[in-house]
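The values are calculated or read from the model by the stated rules, or taken from the named source; none is laboratory data. Given the structure is predicted, the values throughout are model-derived calculations rather than measurements. Because the Cβ atoms are built from the backbone with ideal geometry, glycine has one as well, and the counts that use them run over all protein chains shown. We work out accessible area using only protein heavy atoms, side chains counted, and drop any ligands, DNA or RNA first. Shrake-Rupley method; radii C 1.70, N 1.55, O 1.52, S 1.80 Å.
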Amino acid sequence: MTGIHRKSFDPAARGAMHGVRVVDLSRLVAGNVLTKVFSDHGAEVVKVEPPEGDTLRAWRVGGVETSWKTICRNKKSVALDLKRAEGIAVVKALVRDAAMLVESFRPGVLEAMGLAPAELLAINPALVVVRISGWGQDGPFNHKPGFGTLVEGYSGFAAVNGFDDREPVLPPMFMGDAYAGLYGASVAMIALRHAEAGGGGQVIDVSLFEPLFSVLEPQVANWRISGKRKPRTGSRSTNTSPRNAYRTRDGGWVCLSASTQGMTEKLFRSIGREDMITDPRFANNPSRLQHWQELDAIIGGWIGERTLEDNLAHFDKAGVTIGPIMDTAMLEKDRYAIEREALIEVPDEDMPDGWLPMHGLVPRLSATPGVLARRAPRIGEHNDEILTPVLGAAEVARLRGLGVLREAARKQAAE
């Protein structure tokens, strides 16, 4: 028993976006992160998957679709063959009453499918069409495939990440996709607000590159002023010192940032080195940046003589901004993550113990909190629920007979 709060899905739960339908044609991460923001707040997100399912389902651990289950909770699935004209006709029928359509095909593919934005907006003039691609719908790279890894390299992120005497380091998670998804969700809300005010629908062009590029430091401005490339400094900062990761006596790690003069002086006093406040090498931030090695040796030496627990207790009492570097095993049992419900558990028959740990509902809204309405869907689980009101039972049966809808998913959902 980990102490993690166990939550149940409530199909009757209603969030602030209840009544808003989002048709999601995207694959993998960015689009699914975007639509998760809406589904977590009550929107009806209809995942239109190919018969074999969204590629995200293939990211399994121990045979369990962990990425799919966590990113695609609260959504509904329709398994539809979009290589068939009948499948394209179904999408057109779905967007008539939808607020938004999200896609992540390579630029030009949507047009080739017969679902060009102009045609979609002719069907539903208030529709918000969100187009996610690696490099954008125009520009010299619009023909290129775009995975987050390429963007994480091209944006300048990898060049400044890691240590200067080693290779550039790509992030060990889907950073580029996540930024694009979250940026896309916020901008989509702006477009929905515009449409609801009578301004009509529009097309949103979200590249993976630009969101990540925009959140990096003002690297181009700094380069133009200094003529110097930002070096890879590991966990140090080129703006303030001290700031680093330090190892404790028992093999743990802490991260420390004293980015104001007052906090730095508090740190010095807490380790019994008030003399460093007036030492010319450490008296101000520019001097500390110049003498960071000497400074880190003093701080790291002090921390290294004590255990992780002792360090945290000491600096917490002193009011110094320091914290542990947590790994997954630590987070699963962490009081803060549990009590804040940043980490929760939901029922899941595929998990060995019947419970799936996942992130909670973020951020928190006081009047209209997010909801846990349903687990991530099986492939095509909601074919009948979604399509029968739109097409009629006879047409759904006809499409199933033609193989446009995945029959195997329907059977699986009924098991």
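The table for this structure:
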{"read-out": "Radius, Kirkwood style, for the stretch 1-159 when every pair of distinct Cα atoms is counted (Å)", "value": "17.1 Å"}
{"read-out": "Per residue solvent-accessible surface (Å²) - the chain, probe of 1.4 Å", "value": "50 Å²"}
{"read-out": "Aspartates and glutamates whose Cα lies under 18 Å from that of K230, excluding same-chain neighbours fewer than 8 positions away", "value": "E152, D164, D165, E167, E217"}
{"read-out": "Accessible-area composition of the stretch 14-105, carbon plus sulfur, in percent [1.4 Å probe]", "value": "51 percent"}
{"read-out": "Mean Cβ neighbour count within 10 Å, used as a protection proxy, ranking 83-92, 194-203 highest first", "value": "83-92, 194-203"}
{"read-out": "Enclosed volume per residue, in Å³, of the convex hull spanned by Cα atoms of the stretch 184-322", "value": "185 Å³"}
{"read-out": "All aspartates and glutamates inside 20 Å of K317 as judged from Cα atoms, apart from same-chain residues fewer than 8 positions distant", "value": "E265, E274, E305, E309, D334"}
{"read-out": "Distance from the stretch 133-167 to the stretch 368-410 (C-alpha centre basis), Å", "value": "37 Å"}
{"read-out": "Kyte-Doolittle at least 0.5, axis length at least 27 Å by Cα - qualifying DSSP helices, the chain", "value": "175-194"}
{"read-out": "Area of Y179 that stays accessible when all protein chains are in place (1.4 Å probe, Å², to 10)", "value": "90 Å²"}
{"read-out": "Semi-axis lengths, Å, the stretch 119-191, gyration tensor of Cα atoms, sqrt of 5 times eigenvalues", "value": "32, 14, 8"}
{"read-out": "Highest to lowest packing among 56-62, 95-101, 303-309, scored as the average C-beta count within 10 Å", "value": "95-101, 303-309, 56-62"}
{"read-out": "Most to least accessible of F163, F147, F209 (protein chains only, probe 1.4 Å)", "value": "F147, F163, F209"}
{"read-out": "Length-normalised contact order for the stretch 181-267 - Cα pairs under 8 Å, 6+ apart - percent", "value": "13 percent"}
{"read-out": "Heavy-atom accessible surface of the stretch 169-239: percent carbon and sulfur, 1.4 Å", "value": "60 percent"}
{"read-out": "Around D250: net Lys/Arg minus Asp/Glu count, Cβ-Cβ under 10 Å", "value": "+1"}
{"read-out": "The stretch 152-263: projected area of the alpha-carbon convex hull, averaged over directions, in nm²", "value": "11.3 nm²"}
{"read-out": "Cleavage-rule hits, chymotrypsin sites (Phe, Trp or Tyr not before Pro), the stretch 265-334, DSSP coil, Cβ neighbours within 10 Å at most 10", "value": "none"}
{"read-out": "Reciprocal mean inverse distance between Cα atoms of the stretch 73-215 - Kirkwood radius, Å", "value": "16.7 Å"}
{"read-out": "Cα Rg, Dmax (largest Cα-Cα span) when computed across the chain, Å", "value": "25.4, 84"}
{"read-out": "Spatially proximal lysines relative to K7 (Cα-Cα < 22 Å; intrachain offsets below 8 disregarded)", "value": "K36, K69, K75, K76, K333"}
{"read-out": "Residue-averaged [θ]222 nm for the chain, counting only DSSP H segments that reach four residues, each worth -39500 (n - 2.57)", "value": "-10500 deg cm²/dmol"}
{"read-out": "Amide H partners (placed H, <5 Å) of L101, local residues excluded", "value": "V23, V128, V129, V130"}
{"read-out": "Cα lying deepest toward the dipole's positive end in the stretch 318-393, options V390, I325, T368, charges on Cβ", "value": "T368"}
